[in-house]
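A.B. asks: Here it is: the structure, laid out below.
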Amino acid sequence: MEKSQAYLRIQELRGIIEEANRLYYKENAPTLSDYEFDMLLKELEKLEKENPEYAAADSPTAKVGSDLRKEFDQYPHRYPMLSLGNTYDISEVQAFADRVAKGIGDSFTYSCELKFDGTAICLTYRDGKLFRALTRGDGTVGDDVTRNVKHISNIPQELECPAGFVPGDGRRQPWPKEFEIRGEIYMPWAAFDRLNEERVKDEEQPFANPRNAASGSLKLIDSRMVAERGLECTLYHMLGEDLPFRTHQEALEAASEWGLPVSDKRRICSNINEIEEFINYWDTERKNLPYATDGIVIKVNELPYQAQLGYTAKAPRWAVAYKFKAEQALTKLLSIDYQVGRTGAVTPVANLEPVQLSGTVVKRASLHNADQMEILDIHIGDYVYVEKGGEIIPKITGVELSKRGTDVVLPHFPEKCPDCGTTLVKDEEEAKSFCPNSTGCPTQIKGRLVHFLSRKAMNVIAGDATIEQLFNKALVWNVADFYELTKEHLLMLDGWKDKSAERFLKSISESRKVPFERVLYALGIRYVGETTAKSVARHFGDIDAIAGASVETLLEVEDVGQVIADSIWEYFNDQANMEIVRRLKDAGLQFAVKGEDVELSDKLKGMTIVISGNFSISRDQMKALITAHGGKNSGSISGKTAFLLAGEKAGPEKLKKAEGLGIRVIGEQEFLQEIIGTASEKNTKGPAAKEAPNDSASNETKDHNEEFTGTLF
Ligand code: IVH
């Protein structure tokens, strides 16, 4: 390949991989299979090797497997956070046992445990208090998610004294002064199903599996939202200096006595037969567990033996994971419904003969789209395999052809909208069919109305039946019509009385106070879920700024990629939508961020600022401060960066890049003094943090604002 071609392909691959990583880690909506992803990465690695002059420190090849996010502070792991060797084959477990016996003889035991399918976490307790929670990150450095972990109900912030512990018996406390305990944050099936149901209803991409849902939720910027996600934790590995335990089991038992969540689904085994028994038992029994497991972890139980066996660069030599094959059930496909969603997407949904899978009864499953139906060569009446944990949950993964009868019927994906009869259009990129009649298709109209009033949007108390009635009487056609309803209108509806009409109107009236970010979400712009609406609202400040933004500017918002940016731009460039927005504005809805998030000055207008390191206020507060002064935050330095705002321990990579590009580096004091000088003219109150503020930190912002006077820029 020619040099110039190689260069272009390298750039292209980096772009594709970075976008895939972003979708996987940030939106938890993987678009590539693991295999496809690995192949692209391998191609990039090869090209970079052949063309070393194009290698770059920030290439995705240099940071494989890292889930670090710029929104979090990072800390080094005291002990590297490694992975586990794994196998699907019991004979390899035997080989593991042989290797171990060769190293330490045969007087040892195994601890067999469930392998929880979640995201790894490392908790540090100091003096009995939760000190810090780090994700695996790249194994050496992890993201500090302590604030989010505090919203996980079964993680104690303070340890308990075990029964029988006598204070003053010589030991100051029943636990080591400092220790780490590692485990998994996971999302039980019930919470996962609930979350995905909501996401599907909102036409947001559902999480691919509970593991993605758990890691996505753990990394939410707004820690208050973490509490709503129903995450749980299980801990399985204690580390520290001079721990007083002889075996791994003793350490887990002690942890459990201190109130830490440790699974009781474990067993001490002495030989491979017992290990196999444990594996076989849980391969069946796990289907009744309320959470996802993907295997069994087999560990040498005696800690001195663990130390003797040690580690390879990637994994301990004293443990191995036996992985279960994906859990499936076989059942009969009875019929297929074609559902039209709020945004017009038509999705085939299979009706199945009820079957037990992963502890729940499955009656319906997604078939994705017409292409998927064709690939599976699915017929009504076929016996099909259903799996949980697929992209849309549960999903049909295959057809058992040996059970196909003679009476099966080939389904036909409709060409016309099953609701309004408009000819469907196919979005080739997404392989989805859409009804283009967005303003005339009753299902789409009603879907938008229901979404608008829903709890997380305008929170108006109204059932779907009410909306159906209002729509059927032609009283409401679009969301702006809700604000023109009168009591007389409502009394025209069957079964409505004075009281119910008044209650409904009161609820509508109260929705005028709903904050802008939720109003933006309520508009039902395709792909704009709650979190995106929040980022967009806070980035731009008001609806006019969003409506006037170019796709390029929209792309600068955290978590906004090409698809979302295009969708927002399209929404606001449609006259009919702008008319609705105008009427909603006239009705008095909130169309600008309020109060603490208010704009303080425009001194940073047009400037893109990159921040790095730690400040006396949280990074989110610092970002909010920049936004409040009209600036924009960006995660990476480019020629467009106005300056790098560097706090303590600013990233050396960023400093180097700024220097290389001749970009100014500014410290916190200089920055705050300069900003506050202008802020005090307009407003002395600082912007609030994006997240649930730590009180002392938000006061700090305020103090800075009041304290400093001076001018900048
Ligand atoms: S022990 C030094 N025990 O599976 C490694 N890991 O695929 C110690 N996992 O990295 C890990 N359940 O995140 C261990 N009972 C269990 C586990 C478990 C789930 C995770 C863990 C590990 C990954 C490997």
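A.B. asks: Beyond 17 Å, what share of the Cα-Cα pairs of region 525-606 remains, rounded to the nearest whole percent? Numbers along the way, then the final one.
C.D. replies: Details: 1592 of 3321 pairs.
Value for region 525-606: 48 percent of Cα pairs lie more than 17 Å apart.
A.B. asks: Sort the following peptides by mean Cβ neighbour count (other Cβ atoms within 10 Å, averaged over residues), highest first: 472-480, 495-503, 449-457.
C.D. replies: Values: 472-480: 16.3, 495-503: 12.2, 449-457: 20.2.
In descending order of packing, they fall as 449-457, 472-480, 495-503.
A.B. asks: Now for a different question. Counting only C-alpha contacts under 8 Å and six or more residues apart, can you give the relative contact order of the chain as a whole percent?
C.D. replies: Values: 1264 pairs, mean separation 65.4, N = 713.
So the answer I get is 9 percent.
A.B. asks: Also, quick follow-up: Counting only helical runs of four or more DSSP H residues, what would the 222 nm mean residue ellipticity of the chain come to if each run contributes -39,500 (n - 2.57) and the total is spread over all its residues? Mind dumping the intermediate values first?
C.D. replies: Details: 25 runs with 258 residues, N = 713.
Taken over the chain, the calculation gives -10500 deg cm²/dmol.
A.B. asks: Each label point is 7 Å from the Cα along the Cα-to-Cβ direction; what then is the distance between the points at GLU579 and ASP127, in nm?
C.D. replies: Here the answer is 6.7 nm between the modelled labels.
A.B. asks: Would you kindly compute the Cα radius of gyration of region 534-676 and its largest Cα-Cα separation (Dmax), both in Å?
C.D. replies: Cα-based Rg and Dmax for region 534-676 come out at 16.7, 52 Å.
A.B. asks: Please report the spacing between the Cα centers of region 253-281 and region 82-128 in Å, no decimals.
C.D. replies: About 11 Å separates the Cα centre of region 253-281 from the one of region 82-128.
A.B. asks: I'm a student and want to see the number: the projected area of the Cα convex hull of region 213-261, averaged over all directions, in nm².
C.D. replies: 4.7
A.B. asks: Right, next: Please list, in order, the residues from region 496-516 whose amide nitrogen is less than 20 Å from a point placed 7 Å along the Cα→Cβ vector of ALA465.
C.D. replies: 496-508
A.B. asks: Please list, ordered by chain and number, the residues whose modelled amide H lies under 5 Å from the amide H of TYR75; skip anything fewer than 5 residues away on the same chain.
C.D. replies: GLY142, ASP144
A.B. asks: A follow-up question, please. If I take R0 = 56 Å and measure r between the Cβ atoms of ARG9 and LYS605 in this structure, what FRET efficiency does the formula 1/(1 + (r/R0)^6) give, to the nearest 0.05? Walk me through the intermediate numbers first.
C.D. replies: Numbers: r = 38 Å, r/R0 = 0.68.
Plugging the Cβ-Cβ distance into 1/(1 + (r/R0)^6) gives 0.90.
A.B. asks: Report, to two decimal places, the Cα Rg of region 206-340 normalised by 2.2 N^0.38 Å (N = number of residues).
C.D. replies: Working: Rg = 19.2 Å, N = 135, 2.2 N^0.38 = 14.2 Å.
Output field value: 1.35.
A.B. asks: Counting only C-alpha contacts under 8 Å and six or more residues apart, can you give the relative contact order of region 211-332 as a whole percent? Numbers along the way, then the final one.
C.D. replies: Working: 84 pairs, mean separation 23.0, N = 122.
Relative contact order of region 211-332: 19 percent.
A.B. asks: Mean shadow of region 107-256, computed from the convex hull of its alpha carbons, in nm²?
C.D. replies: Values: hull surface 44.6 nm².
That works out to 11.1 nm², a quarter of the Cα hull's surface.
A.B. asks: Let me ask you something else. If I model a spin label at SER153 and GLU648 as a point 7 Å from the Cα along the Cα→Cβ vector, what separation in nanometres do I get?
C.D. replies: 3.6
A.B. asks: Which ordering of MET622, MET81, MET187 is given by a fewest-first count of other beta-carbon atoms within 10 Å?
C.D. replies: MET81, MET622, MET187
A.B. asks: What are the equivalent ellipsoid semi-axes of region 274-356, built from the alpha-carbon gyration tensor (square roots of five times its eigenvalues), in whole angstrom, biggest first?
C.D. replies: Working: eigenvalues 371, 65, 16 Å².
Those come to 43, 18, 9 Å.
A.B. asks: Here's something else I'd like to know. From Cα coordinates alone, what are the radius of gyration and Dmax values for region 351-468 in angstrom?
C.D. replies: Rg and Dmax of region 351-468, Cα atoms, are 17.6, 52 Å.
A.B. asks: Still on this structure: Could you go through region 409-419 in sequence order and give the Karplus-derived ³J(HN,Hα) for each residue, using 6.51 cos²θ - 1.76 cosθ + 1.60 with θ = phi - 60°, rounded to whole Hz, and x for Gly and Pro?
C.D. replies: The phi angles translate into 10, 6, x, 10, 5, x, 8, 10, 4, x, 9 Hz.
A.B. asks: Quickly rank 663-673, 515-525 as a protection proxy: mean count of other C-beta atoms within 10 Å, highest first. Walk me through the intermediate numbers first.
C.D. replies: On the way: 663-673: 16.6, 515-525: 22.4.
The densest-packed peptide leads the list: 515-525, 663-673.
A.B. asks: Let me ask another. Could you tell me what a quarter of the Cα convex hull surface of region 75-144 works out to, in nm² with one decimal place? All intermediate terms of the calculation are to be shown ahead of the outcome.
C.D. replies: Numbers: hull surface 27.8 nm².
Taking the Cα atoms of region 75-144, their convex hull projects to 6.9 nm² on average.
A.B. asks: Now a separate question. If each Cα of region 307-413 is one equal point scatterer, what is log10 of I(q)/I(0) from the Debye formula at q = 0.17, 0.22 Å⁻¹?
C.D. replies: Result of the Debye calculation: -0.77, -1.18.
A.B. asks: Calculate the FRET efficiency for LYS363 and SER83 from the Cβ-Cβ distance with a Förster distance of 30 Å, rounded to the nearest 0.05.
C.D. replies: Working: r = 37 Å, r/R0 = 1.25.
Working from the Cβ atoms, E equals 0.20.
A.B. asks: Compute the FRET efficiency between GLU415 and ASP566 as 1/(1 + (r/R0)^6), taking r as their Cβ-Cβ distance and R0 = 22 Å, and round to the nearest 0.05.
C.D. replies: Values: r = 26 Å, r/R0 = 1.19.
Efficiency for this residue pair is about 0.25.
A.B. asks: Once you measure Cβ to Cβ distances between cysteines in the chain, which Cys have no partner under 4.7 Å?
C.D. replies: Those would be CYS112, CYS122, CYS161, CYS233, CYS269, since no other cysteine Cβ in the chain comes under 4.7 Å of theirs.
A.B. asks: On alpha-carbon atoms, Rg over Rh for the chain using Kirkwood Rh?
C.D. replies: On the way: Rg = 28.2 Å, Rh = 28.7 Å.
Ratio of gyration radius to Kirkwood radius for the chain: 0.98.
A.B. asks: Using the 2.2 N^0.38 Å rule of thumb for compact globular proteins, work out how region 186-237 stacks up: its C-alpha Rg over that value, please. Provide the component values of the computation, followed by the final result.
C.D. replies: On the way: Rg = 11.0 Å, N = 52, 2.2 N^0.38 = 9.9 Å.
Compactness ratio reported: 1.12.
A.B. asks: Cα-Cα pairs above 16 Å in region 475-586: how many percent?
C.D. replies: On the way: 3884 of 6216 pairs.
The answer is 62 percent, as a whole percent.
A.B. asks: Please give the Cα centre distance for region 431-506 versus region 544-579, rounded to the nearest Å.
C.D. replies: 26
A.B. asks: Can you tell me the convex hull volume per residue for region 338-387, based on C-alpha atoms, in Å³ to the nearest whole number?
C.D. replies: Values: hull volume 4.5 nm³, N = 50.
Given the Cα convex hull of region 338-387, per-residue volume reads 90 Å³.
Every number here is computed from the coordinates shown, using simple stated rules; none is lab data. Since this is a predicted model, take the numbers as computed values, not measurements. Every residue, glycine among them, receives a Cβ derived from its backbone with ideal geometry; neighbour counts consider all protein chains shown.
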